[in-house]
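The structure under discussion appears below in the form of structure tokens.
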Amino acid sequence: MGNCQPRVDSSVLVDENFSKLDFGNEILDNISYDYNDSGLELSAPCHSCNLLDESSLPFFLLASILGILASGTVLFALFRPLFHWQHCADRPVLAQLAVGSALFSIVLPILAPGLRGADSDPLCHMALLIWYGSAFAQALLIGCRACLGPKLGAGRVPRLTVMLTVGLWGAAVLLGLPITLAGGNSEGLCTISRGWGPLQAVHTAACFAIFIVLPLGLLGAKGLKKALDRGPCPWVDVLWAWFIFWWPHGVLLGLDSLVRSRVLLLSTCTAQQALDLLLHLAEALAILHCVATPLLLALSCHQATSNVLPSLPVPVGQSSHPNTLGGKS
């Protein structure tokens, strides 16, 4: 999966009107270069490794199929409660997380390289918006669930649940707009235009804030409140493993932005190629969240019901110890 193009000597500078290069006494024929912005980007010696290319199409399709099946199964179990999942106090939030994972899985084939599923700009914009909007929404839902905890219980404060749903998904859509506007269709592939300037800065800042600052801030608040013994701490459970899939993406995206803006300079092409490779690996890990999220939701519901069921009141006339034989002393 992926390929690395051979290194291009950056010292070779030619005018687009020439098709012959004179190196000392040698003349090399039949060499021509396209020197638009995309051509320079593709021919740059330090941007030559591409892991998620057309050969990675099976990975995209497999992740999409497994994500849709897993998310659909979890949604069915939440709306038609199985395994006593009706006792999960925060079922509305868990269902929204499953919906976000399902939406991400559905648009994967549109953005997959090699499938050429984005045959129009509006379709590409929609896919990018769902891709990042669903990820931002899931992160915000996990953060609010950690802060509010039991208050998000089904039926307890329905108005609060509705307001949070509208507010969080609205915020996620707004955060996903910068990269949506920068996307476009190119020969059936959904691509991001180079040099998108302010939009890139806003998108990078949003990813850094949602995928890195949010979980670290909540963990810091939990440690501080626990140390000072002031009020309930943020609720941390198995769903926090979700951030493992997006945390590297946020870190490397910020690092790549610093390199492209020349705030951080890399001394060798090997370092730049390593950064490009890590960026693609981080994106592949982020894609896998659509398969892992339903499993985390199922584990969370299982833990919740395991804690609730022993504490449920025993019906009148039924012994709390059915295996204990009753009799006169």
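The values are calculated or read from the model by the stated rules, or taken from the named source; none is laboratory data. Keep in mind it's a predicted model, so treat the numbers as computed, not measured. No Cβ is skipped: glycine too gets one built from the backbone with ideal geometry, and neighbour counts run over all protein chains shown. Heavy atoms of the whole protein, side chains included, go into the accessibility calculation; ligands, DNA and RNA do not. Shrake-Rupley method; radii C 1.70, N 1.55, O 1.52, S 1.80 Å.
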**Q.** Which listed residue is among the aromatic types (Phe, Trp, Tyr) and at pLDDT below 90, from Trp240, Trp235
**A.** Trp235
Q: Among the residues of region 158-177, write down those that are surrounded by fewer than 15 Cβ atoms within 10 Å (Cβ to Cβ) and farther than 15 Å from Leu129 by Cα.
A: Pro158, Arg159, Leu160, Val162, Met163, Val166, Gly167
Q. Quick one: in region 178-191, which of the residues that are over 18 Å from the mean Cα position of the chain (by Cα) and open to solvent by 40 Å² or more (accessible area, probe 1.4 Å) is modelled with the highest pLDDT?
A. Leu181
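Condition check ((1) in contact (Cβ under 8 Å) with a residue 24 or more places away in the chain; (2) open to solvent by 40 Å² or more (accessible area, probe 1.4 Å); (3) out of contact with any Lys or Arg (no Cβ under 8 Å at 6 or more places or on another chain)) across all residues:
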position: Ala221; (1), (2), (3): no, no, yes
position: Gly254; (1), (2), (3): yes, no, yes
position: Leu278; (1), (2), (3): yes, yes, yes
position: Leu281; (1), (2), (3): yes, yes, yes
Q.
Given the condition modelled with pLDDT of 80 or more, aliphatic (A, V, I, L, M) and open to solvent by less than 70 Å² (accessible area, probe 1.4 Å), answer yes or no: does some residue in region 298-310 qualify?
A. yes
**Q.** Complete set of residues in region 118-147 that are open to solvent by 30 Å² or more (accessible area, probe 1.4 Å) and more than 30 Å from Lys222 (Cβ to Cβ)
**A.** Asp119, Ser120, Asp121, Pro122, Leu123, His125, Met126, Leu129, Ile130
